[in-house]
1. Can you give me the long-range amide H partners of residue 98? Hydrogens built in the peptide plane at 1.01 Å from N, cutoff under 5 Å, separation of 5 or more residues or another chain.
2. Take the Cα atoms of the chain, find their three principal axes, and give me the spread along each one in whole Å, biggest first.
3. Where nothing but the Cβ of Lys and Arg (+1) and of Asp and Glu (-1) is charged, how large is the charge dipole of the chain around its Cα centre, in debye to the nearest 20?
4. Within the chain, what whole-number % of the accessible surface is contributed by carbon and sulfur, with the 1.4 Å probe and all protein chains included in the calculation?
5. Give me a comma-separated list of calculated 3J(HN,Hα) values for the range 147-160, in order, Karplus coefficients 6.51, -1.76, 1.60 applied at θ = phi - 60°, integers in Hz, x for any Gly or Pro.
6. Please work out the Cα center distance from the range 143-194 to the range 227-258, rounded to the nearest Å.
7. In a shell of Cβ-Cβ distance under 10 Å around residue 59, excluding residue 59 itself, what net charge do Lys and Arg (+1) and Asp and Glu (-1) give?
8. Under the rule of at least 5 residues apart or a separate chain, name every residue whose amide H is placed under 5 Å from the amide H of residue 274.
Amino acid sequence: MDLIHKRWLATNKDHHALEDYQGPVPRWCTGCGDHTILTAMLRLCRDEQLAPEKTVFVSGIGCSSRFPHYLKTYGFHSLHGRALPIAEGVKVRRPDLNVFVSTGDGDCCSIGAGHWIHAMRYNMNMTVLMHDNCVYGLTKMQASPTSPQGLKSNTSPRGALLPPLNPLLTALSVPSASFVAQAPDWIPDILYSIIAQGFHHKGLSFIRILQRCPNFLPTLFDSVLKNPEKTLVLTHPKGIQLDDSLSRIYRNKEEHDPANMSRARELASDPELTPVGILYRNEQIPCYEDMLKQNETFTPNTIEQALNKEFDKFTVQSRRAATMAVA
Ligand SMILES: Cc1ncc(C[n+]2csc(CCOP(=O)(O)OP(=O)(O)O)c2C)c(N)n1
Ligand code: SF4
């Protein structure tokens, strides 16, 4: 940001600074990936100058679902698994609002899985952050659908029996999926860039964020964190780009066109590499709220006319007016 721009912002009374969006100090554990996700979100609100009164964060229940408490916008800390239908309700009545959803892997892929699939289908214009720490954090370490096979937890003391669900592949398989991306919480610039692109996408942007939970799974992402070669950064003029310093660390890159669904599926199922970037984007898929508007038979005007017609049946008329009406 140049000096003139900075000075102009400082003197502009309508400008929102980062602190205008910042709520109380978060109560997540030290080192929890949710902190960096919140920082990225605060930056986005400030950079996009989102009006706090026109911005809503909806969440379910879980550590990650405490997100709305830490932002000075509207927020709805709802029920376990129900963040998406509530966000859809907000969007359908108030399409003018910026709607964001924070949901954990338990919240989204377990109890909320049905809502997740249908929210992808409805493709309403909102940004969905799926904080995937591969465990139930808030309730103190039970296996989630994305937990690695063999994970010893309070619900699987001998190790989780099932292989994990792949949230990227699941999302890509839903008809009408229009934006699917993966971001790590530990590369702030990439995380921010992906969230920003998701926000600018018209439709539901599903962003799976690999989120560290140092309290319960401190070594979960070690292989990727300690060896940058295991990360495959998906670059594209219509996706994300790496600056020089990140390019020196993350040498494993692929130019991936987000319109290419079959390559997106291959990348999502790669057993060795962790893809980071926008896997799929399709701007042609209509949003449900726009489809509704086109088919809307009840406008405020037609509702008023229908109500007036009904109320007129009960109008008490003077005898003279009634006689005139009969004549
Ligand atoms: C209907 C219902 N079932 C179960 C719970 C208990 N519960 C609260 S949070 C949670 C799981 C949280 O895990 P996740 O969604 O992965 O979020 P995290 O805490 O890891 O961020 C569970 C099972 C609940 N609150 N409501
Ligand atoms: S338990 Fe895990 S997910 Fe929850 S706040 Fe602590 S580090 Fe974060």
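The values are calculated or read from the model by the stated rules, or taken from the named source; none is laboratory data. Treat the numbers as computed from the prediction; the structure is a model and nothing was measured. Please note: Cβ atoms are built from the backbone with ideal geometry, for glycine as well, and neighbour counts cover all protein chains shown. Side chains included, ligands, DNA and RNA excluded: accessible areas come from the protein's heavy atoms. Shrake-Rupley method; radii C 1.70, N 1.55, O 1.52, S 1.80 Å.
1. It is 55, 56, by chain and number.
2. Projected onto the principal axes, the Cα atoms of the chain cover 92, 58, 40 Å.
3. Magnitude of the dipole: close to 760 debye.
4. About 55 percent, which is the carbon plus sulfur part of the accessible surface.
5. For the range 147-160, the Karplus-derived couplings read 5, x, 4, x, 5, 7, 9, 5, 9, 9, x, 9, x, 4 Hz, x marking Gly and Pro.
6. 20 Å
7. Combined, the nearby Lys, Arg, Asp and Glu give +1.
8. It is 231, 232, by chain and number.
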